[in-house]
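Everything on this sheet refers to the single structure shown next.
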Amino acid sequence: MERGPGPARYGLPTGTGGVGHDTTKHQLPSYSFGKRTGSLFTKDCSPGPGYFVDPKITRSGADGTPHYSMLGRHKDLNMFKTPAPGTYSPEKSHPPNETHAPSYSMGSRTRYRKRDAVPAPNSYSLPKLTGDKIPSKGASAAWTLTSRAKTGGFADDLAKTPGPGRYDTTDPSTYKRKAPHFSMQGRSYMPGDSTQKPGPGAHSPEKVTVTKPHAPAVTMGIRHSEYLTPLIIDVTEY
């Protein structure tokens, strides 16, 4: 059995207002509130009560009487400042009628000009007194040691004969009985099963109901919709 929607499922058009009004009923005129229009004049022609008239302005223009103001005091022209008595230090000056030792001061070194290419004193050096290159003194005979000559020397090998270390020794196992050889390998592990086994606490014997009777168990399912279309198929008779 199919059940349709209830009366509250449908909504009738409204009988008030101008939007969505019921067409079967008489509609009265509706009015709306508009915004305030601006002033028709771009500028007010008459001043308000707070308008202040400058007393210097007359109907014929500004007042022509002279006006005076007070300025600050002018600063004196600092052409020459007379020193005060405490500016002088007569105790530091030597009496003019007495003789005194000359006094000297140390100034900075004057820099050479770019065009004065004068060498410094440490640019010169005296000639050496040893060796054979002395222009003003006689020198004794000088000898030098050279390196050992590879050709024509006492160690020169004219026959080019190889020495005893030139030859390689023969392995004795080549012409004699070879002894057994052994090598060391890595530690081998015994084969085993690496799968995880359940422990004693993983089993629950009290929950087993296969070998003993138990009370019926009821579950709560979902509610089926009454609008669900049933499955109707044709049954073929044989």
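The values are calculated or read from the model by the stated rules, or taken from the named source; none is laboratory data. Computed from a predicted model, the values in this text were never measured in an experiment. Cβ coordinates were reconstructed from backbone atoms using ideal geometry, including for glycine residues, and neighbour counts include every protein chain displayed. In case anyone asks, the SASA skips ligands and DNA or RNA and just uses the protein heavy atoms, side chains included. Shrake-Rupley method; radii C 1.70, N 1.55, O 1.52, S 1.80 Å.
Restricting attention to the stretch 90-107, the residues being among the aliphatic types (A, V, I, L, M) and open to solvent by less than 100 Å² (accessible area, probe 1.4 Å) number 1. Of the residues in the stretch 33-55, none is hydrophobic (A, V, I, L, M, F, W, C), at pLDDT 80 or above and over 60 Å from the mean Cα position of the chain (by Cα).
Exactly one of these conditions fails for GLN27: (1) out of contact with any strand residue (DSSP E or B) (no Cβ under 6 Å at 6 or more places or on another chain); (2) modelled with pLDDT of 80 or more. Give me its number. The failed condition is (1). Within the bounds of the stretch 189-209, is there any residue that is within 60 Å of the chain's Cα centre (by Cα) and either closer than 30 Å to PRO5 by Cβ or surrounded by 10 or more Cβ atoms within 10 Å (Cβ to Cβ) (or both)? Yes; the residues of the stretch 189-209 include at least one that is within 60 Å of the chain's Cα centre (by Cα) and either closer than 30 Å to PRO5 by Cβ or surrounded by 10 or more Cβ atoms within 10 Å (Cβ to Cβ) (or both). Checking each residue in the stretch 148-173 for being open to solvent by 100 Å² or more (accessible area, probe 1.4 Å) and either part of a loop (DSSP other than H, G, I, E, B) or of a type in the set (Val, Ile, Thr) (or both) picks out ARG148, LYS150, THR151, PHE154, LEU158, LYS160, TYR167, ASP168, THR169. With respect to the stated conditions, PRO230 fails to be surrounded by fewer than 10 Cβ atoms within 10 Å (Cβ to Cβ), at pLDDT below 80, part of a loop (DSSP other than H, G, I, E, B) and within 60 Å of the chain's Cα centre (by Cα). For PRO213, the requirement of being more than 59 Å from the chain's Cα centre (by Cα), surrounded by 10 or more Cβ atoms within 10 Å (Cβ to Cβ) and not aliphatic (A, V, I, L, M) is not met.
Do you know which residues across the stretch 120-147 are closer than 30 Å to ARG109 by Cα and open to solvent by less than 100 Å² (accessible area, probe 1.4 Å)? Hits for the stretch 120-147 are ALA120, SER123.
Take the conditions (1) closer than 30 Å to PRO5 by Cβ; (2) open to solvent by 100 Å² or more (accessible area, probe 1.4 Å); GLN185 misses just one of them, which is (1).
Within the stretch 210-232, the residues that satisfy the criterion of being among the β-branched types (Val, Ile, Thr) and closer than 30 Å to PRO5 by Cβ are ILE222, THR229, ILE232. In the stretch 11-22, the residues that are loosely packed, with under 11 Cβ neighbours inside 10 Å reach residues that are not in a loop (DSSP other than H, G, I, E, B) with C-beta atoms within less than 7 angstrom, at least six apart or across chains, in these pairs: PRO13/HIS21; GLY20/THR14.
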